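The values are calculated or read from the model by the stated rules, or taken from the named source; none is laboratory data. Please read these numbers as outputs of a predicted model, since none were measured by experiment. Cβ placement follows ideal geometry from the backbone for every residue including glycine, while neighbour counts extend to all protein chains displayed.
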Amino acid sequence: MKTLIFLFLLLPTSIFAQITDVDEYVSWISGEFSSEVQAKQDSSFWHVQINQDVIDKVEDGYWLWVTQGIPEEELTIYRERLYHISQLDENTILTKIFKVEDGQKVHLKGCNLYIEKIKDMYVGGTSNFDCKSTYGGASYLTTDFRVYEDRIESWERGWNSSGTLVWGTDKGHFIFIKNKEIEK
């Protein structure tokens, strides 16, 4: 029996399927999410729907197509992005955000998201004040969020050059409940 255990310990770890933090994180953020419940409970928040669909798994991570919009008769999309999600280092997941202009990917430099796993959630956000934005009179935006297996809590805010909040709620995170997996 000791010999069998010893031989088992000598087997290369690569023969065992391993779920990385990136794999788990992507599985948690993939799907359709809605803030409808929160919007019904607090008029400071509006009903927003997010769809995050894995479009490719590559050697260094995943590519996701992300849309965000207001559900009415049909979903009115106001933001479309391409995310590249990879393991930056032992403790950090990196999401690079791209917009698509004229059929080309444009990296939104300074808007990368840095994510770490803490207990039963992933927490992350932008770094410093590097994510430039002109929307709503802002000079830059900040994002911070928490991801759980069944929801995403996200707080995006726009700030002017004086550091004054010019858009986004001052009441805290939007809570997006996972409605369903997006089927292939």
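One table, with the values for the structure above:
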quantity: Residue match in region 91-100 (condition: assigned to a strand (DSSP E or B), charged (D, E, K, R) and closer than 24 Å to TRP155 by Cβ); calculated: yes
quantity: Residue list for region 96-124, filter: on the phi < 0 side of the Ramachandran plot, out of contact with any strand residue (DSSP E or B) (no Cβ under 7 Å at 6 or more places or on another chain) and free of Cβ contacts under 8 Å to residues at least 24 places away in the same chain; calculated: GLU101, GLN104, LYS109, ILE118
quantity: Condition broken by ILE70, with the remaining ones in (1) among the aliphatic types (A, V, I, L, M); (2) within 19 Å of ARG146 (Cβ to Cβ); (3) in contact (Cβ under 8 Å) with a residue 24 or more places away in the chain; (4) out of contact with any Phe, Trp or Tyr (no Cβ under 6 Å at 6 or more places or on another chain) satisfied; calculated: (2)
quantity: Any hit, region 125-146, residues being assigned to a strand (DSSP E or B), surrounded by 14 or more Cβ atoms within 10 Å (Cβ to Cβ) and touching a residue at least 60 places away in the same chain (Cβ under 8 Å); calculated: no
quantity: ASP53 being out of contact with any strand residue (DSSP E or B) (no Cβ under 6 Å at 6 or more places or on another chain) and within 24 Å of THR142 (Cα to Cα); calculated: no
quantity: Checklist (1) at pLDDT below 95; (2) among the hydroxyl-bearing types (Ser, Thr, Tyr); (3) closer than 19 Å to THR67 by Cα applied to SER127, failing item; calculated: (3)
quantity: Among the residues listed as ASP23, ASP89, ASP56, the single one being modelled with pLDDT of 95 or more, charged (D, E, K, R), surrounded by fewer than 12 Cβ atoms within 10 Å (Cβ to Cβ) and over 16 Å from PHE145 (Cβ atoms); calculated: ASP56
quantity: Residue among PHE33, PHE45 that alone is surrounded by 15 or more Cβ atoms within 10 Å (Cβ to Cβ), in a loop (DSSP other than H, G, I, E, B) and either at pLDDT 95 or above or of a type outside the set (Ser, Thr, Tyr) (or both); calculated: PHE45
quantity: Odd one out for TYR62, checked against (1) in a strand (DSSP E or B); (2) modelled with pLDDT of 95 or more; (3) closer than 27 Å to HIS47 by Cα; calculated: (3)
quantity: Answer from LYS184, LYS109, LYS180, LYS117 - the residue that is among the charged types (D, E, K, R), more than 22 Å from SER44 (Cα to Cα) and at pLDDT 95 or above; calculated: LYS117
